[in-house]
1. So is B:Leu54 within 8 Å of chain A (Cβ to nearest Cβ), within 29 Å of B:Glu286 (Cβ to Cβ) and within 18 Å of the chain's Cα centre (by Cα) or not?
2. Go through segment A:1-15 and count every residue that is surrounded by 14 or more Cβ atoms within 10 Å (Cβ to Cβ) and at pLDDT 90 or above.
3. B:Glu110 fails exactly one of the following numbered conditions: (1) surrounded by 21 or more Cβ atoms within 10 Å (Cβ to Cβ); (2) touching a Leu at 6+ places or on another chain (Cβ under 9 Å); (3) within 7 Å of chain A (Cβ to nearest Cβ); (4) of a type outside the set (A, V, I, L, M, F, W, C). What is the number of that condition?
4. How many residues, within segment A:228-264, are in contact with a helix residue (DSSP H, G or I) (Cβ under 9 Å, 6 or more places away or on another chain) and either modelled with pLDDT of 90 or more or part of a helix (DSSP H, G or I) (or both)?
5. If a residue must be crowded, with 23+ Cβ neighbours inside 10 Å and within 7 Å of chain B (Cβ to nearest Cβ), how many such residues does segment A:113-131 contain?
6. For segment B:136-157, indicate whether the set of residues that are under 24 Å from B:Ser252 (Cα atoms), within 11 Å of chain A (Cβ to nearest Cβ), not aromatic (Phe, Trp, Tyr) and not in a helix (DSSP H, G or I) is non-empty.
7. Could you tell me which of the residues A:Ser193, A:Ser207 is assigned to a helix (DSSP H, G or I), crowded, with 23+ Cβ neighbours inside 10 Å and at pLDDT 95 or above?
8. Determine, yes or no, whether A:Asn246 is farther than 25 Å from A:Tyr72 by Cβ and touching a residue at least 24 places away in the same chain (Cβ under 8 Å).
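The values are calculated or read from the model by the stated rules, or taken from the named source; none is laboratory data. Bear in mind that the values here come from a model prediction, so they are computed numbers and not experimental data. When we count neighbours, we look across all protein chains shown, and the Cβ atoms used for this are built from the backbone with ideal geometry, even at glycine.
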2 protein chains.
Amino acid sequence: MNEYLDLINKNIVTYLDNNLYQHNEPVHEAVPVTNAIKYSIENGGKRLRPTLCLLAGELSGNEDYIDKCMPYCLALEFIHTYSLIHDDLPAMDNDDLRRGKPTVHKQFDECIAILAGDGLLNLAYEVLLDNISKNPTEANIRASKIISSCSGIVSGMVKGQVLDMYQASNTKETLDNINTYKTGALIHASVLSGAVANGLSENEIKSLYEYSIILGKAFQIADDILDVTGSVEELGKNIGSDAKNNKTTYASLFGVEGAKVILEELEAEAIGKLSIFGSRAKKLVELTKYLTSRNN
Amino acid sequence: MNEYLDLINKNIVTYLDNNLYQHNEPVHEAVPVTNAIKYSIENGGKRLRPTLCLLAGELSGNEDYIDKCMPYCLALEFIHTYSLIHDDLPAMDNDDLRRGKPTVHKQFDECIAILAGDGLLNLAYEVLLDNISKNPTEANIRASKIISSCSGIVSGMVKGQVLDMYQASNTKETLDNINTYKTGALIHASVLSGAVANGLSENEIKSLYEYSIILGKAFQIADDILDVTGSVEELGKNIGSDAKNNKTTYASLFGVEGAKVILEELEAEAIGKLSIFGSRAKKLVELTKYLTSRNN
C-alpha cells in the first residue's frame, strides 16, 4: 500500500536521533519519557497522515516535493501520536492496547504518558518553526498555520475530542460534527499542508480541500465498521469499545451494512473530487480505495 | 508592581472571547473544557512572563512595542497555564489548590484538565503562527522559535518537568539542571522573545540572555523559600509540598537563611547584567527586586 512507509519511518527515527534522543540519553533511567516517545512513535502505525501529505505534494510535480513535505510529515505524526497517547489515558478512553502493544500509560505510567504527549505536541511546533526559520516562504507559513488550527481546541482535533467526550452523539448531525473535528481535521491538514507547501494552484487546493473533508468522513466510518467487524489481531487494539462505551457510531445508527453503503458513496464522491488531477492522482485514488476497504 | 497587569488581562480575555469562546459557546454543557480554560487562565496570576516580555520589549524604545510583544505575551501565558494544569494532575504533583481555588481537575475532572492543557498549548502556537502569518519578519520567526524550544522536551520546560519527576535531585548540580529547564527556560523565553521581536541589538540580547538565566535561578530559589516560609493565604497554593514530596530544594540544601544569601547574590548579579541599558532598565530592575523579595 505504502511506498513512502520506509521513508517516513526513517525520517522520524533520524529526526528523533539527532534531536531528542541525543540530548536526553534514551537509555538513562532519569528520562523515561524519551523512552516512552520512542516506544509509541516507533511502534508501527500506517503513517497515514504523512503519506497523505506526500501524495498531495507529489501532485505538484516538484522534484523536491519530499523535502518540502517532510517537516509536515514529522509534525503530523507527532501530533497524531500525542493524541493517541492522551486519548488512551484512564481519564479519557481508558484503552490498554494500541498497535498490538500496551498503551503508554500501561507500559510506563500515567505521568510519563501525559508528559510524552505534551513533549510530542510541542516537538511538532519546534519542527514547523524550525522549517519556517530555514525556509521563510509564504507557503510554509500558510501550511504550518493550517496544521495548528486543525489540531486545536478552537476548530481542530482537541475540539473534536472534547465533543466526543462530552456531547451526546445520538444523532447523525452530532456525530458528523464530532467526526469533522476529531478525525477529519488532521486528515484535512495532512492533505492541505502537502499541497500548500508545494505551491499547488488555488483551484487544485480547493479540490483537495473538498476531497480531504470527504476522506475524513469516510475514514471515520471505516473505523466505526472495523470496531464491530474487525479482530484484535488485525487492528492491534481492542474492538467493540464503541459499543462498550455506548458511543453512537455510523455502525450503530445505520447497521454495518448501512454504514458500508454510505462508505461506498463517500469513496466515489472523494475520488470524484480528484478528477481535476487526471492520472496524476492515481496513487491518491488507490490510497482512498484502500482506506475505505481496509481491515486495520 | 505591575503597570501591565490590566493590559495583559484585557488582551487575554479579548483574544479568548474573539476566538475560543465565540466558537465554542462557553456556557454550553457540551464544552466544559472551554469553561475550564476560562476558569484557569482568568484566575489571576502575576502574569510574570508576559510582563517580562513587555519590559524587555520596552527597552527598544519602539512606539509599538506593546503590539509587537502581545502575541508572545498570550502564547507565554497560555503555555505557562497549560503547564500548571498538567503539573497539578494526580499523576504528577497531585495538587488541589492553585491561586486560592481548586485546581482544574478538582473543580472539573481529570479528562477536562488534560484536554484544557492540550488545548492551551496548541492555542499558543496558533497565536504565534497567526502573528508570523500577518507579520512574516525574521524577528517574529526567531522569537517564536525561542518560545517553542524553551517549552519543549528537547531543551525546555517539558524536559524540566521530566527531570523533576524522575531525577533524584539530591545535589546542587542536579537541582540547578532541573531548575534551568523547569522554571528557567520559559522565563528566559519571556525576556528574549520581547527583546528579539523588538529588534534589540545582538549585544543587548546577549546581556538579556545572561540576565534571564540568572533571574530564572533566583525566581526558583525564591519559590523554594516561600514553600517553607509562605502561607496558604498569601500564596494561594498549598505550602510545604516540597518537604512532603521529599524534594531537594535550595531551602533543604542550604537552609532558608543560606538560600536567602544565595538569592541576594543572584539578585545583584542579575541587576548587574542590566547595566548596559542604564536608566532605561529601571522597571526591569524593580521587577527583579520585587521577584526576589516577593511573598507570593
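1. Here the answer is no, as B:Leu54 does not meet what is asked.
2. Of the residues in segment A:1-15, 9 are surrounded by 14 or more Cβ atoms within 10 Å (Cβ to Cβ) and at pLDDT 90 or above.
3. Failed condition: (1).
4. The number of residues fulfilling the criteria is 21.
5. Residues that pass the stated criteria total 10.
6. no
7. From the options A:Ser193, A:Ser207, the qualifying one is A:Ser193.
8. When the stated conditions are applied, A:Asn246 does not pass them.
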